[in-house]
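What follows is a short report on a single structure.
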Amino acid sequence: RMASHDLRNPLNNLMGYLELVALTFRKEGATPAQEEYLDHIRQSAYMMKTLIDDLLTLERIESQREGDWQSFDLCGLVSEVVDGARAAAALKDQSLELDCPMDTGPVFGSQTQLRQAISNLVDNAIKYTPEGGTVAVCLELHADRFDFRVSDSGYGISPQRQARIFERFYRVDKSRSKDTGGTGLGLSIVKHIAGYHKAKVEIESTVGKGTKIIVSFPKPA
Ligand code: ADP
């Protein structure tokens, strides 16, 4: 945790100067090779930033517990996250559907954490679904629980790998994942957040067809 904190400042400096170099290149011109080197440096710096941010998020969740819990409208939160992801889906020509029809009533939990978990699941569905695919987000109210579901028509995950995707740093297809710039921490963050909310996480997936991840929250008595 301390290493993550300590790395943040020098990395921010590095990224600031990187953007200054990019600006200088734009103003004064650069060779194609110089542009390419800068791109590589930028990608690596952003990758480090994502990794540090994810590690700090994980650490925050582990130390936070119930301090910031409050009552809030879960459907409103889901809609907000889905709206935030519309640009990413549009860039891949995907249809992003939201089905959140009923008034769920107030839910008690950490809004910050749940926003993060919902957003990790929706972002993954978009990342691991090819262009033109479909991502469907749904919130369903049952007598004893809420089911939050993200389904996609993407690459899918084999049964052996499904068992491991919630582990820290586990990534299924390194070459594909490299392009998507993930860290392998997203789903372990989801699992932690679900755990703190006493929610169960289930996965159904078929390679080449798609993935469905369901988070079931118990309804307060
Ligand atoms: P990241 O996306 O940063 O690699 P995650 O912990 O979020 O890390 O996911 C772990 C791995 O699980 C990913 O690398 C990816 O291979 C796989 N994965 C996650 N969500 C999906 C999905 N919706 N469809 C297919 N594969 C997925």
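The values are calculated or read from the model by the stated rules, or taken from the named source; none is laboratory data. As the structure is a computational prediction, the values presented were derived from the model and not from experiment. Positions of Cβ are backbone-derived with ideal geometry, glycine not excepted, and every protein chain shown enters the neighbour counts.
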Test set (1) touching a Ser or Thr at 6+ places or on another chain (Cβ under 9 Å); (2) at pLDDT 90 or above - GLU66 fails condition number: (2)
Of the residues in region 201-213, those that are surrounded by fewer than 17 Cβ atoms within 10 Å (Cβ to Cβ), under 12 Å from PHE166 (Cβ atoms) and more than 10 Å from the ligand (Cβ to nearest atom) come to GLU202
Of everything in region 50-93, what is under 17 Å from the mean Cα position of the chain (by Cα) and assigned to a loop (DSSP other than H, G, I, E, B)? Give them in sequence order. LYS92
Using the structure shown, decide if SER216 is surrounded by fewer than 21 Cβ atoms within 10 Å (Cβ to Cβ), of a type in the set (Ser, Thr, Tyr), outside any loop (DSSP other than H, G, I, E, B) and within 12 Å of the ligand (Cβ to nearest atom). no
Members of region 164-192 that are near the ligand (Cβ under 6 Å from one of its atoms), modelled with pLDDT of 90 or more and in contact with a helix residue (DSSP H, G or I) (Cβ under 6 Å, 6 or more places away or on another chain): GLY186
Per-region count, region 111-160, residues over 17 Å from ILE189 (Cβ atoms), outside any loop (DSSP other than H, G, I, E, B) and either more than 11 Å from the ligand (Cβ to nearest atom) or out of contact with any strand residue (DSSP E or B) (no Cβ under 9 Å at 6 or more places or on another chain) (or both): 13
I need a count of the residues in region 108-138 that are aromatic (Phe, Trp, Tyr) and over 19 Å from GLU97 (Cβ atoms). 1
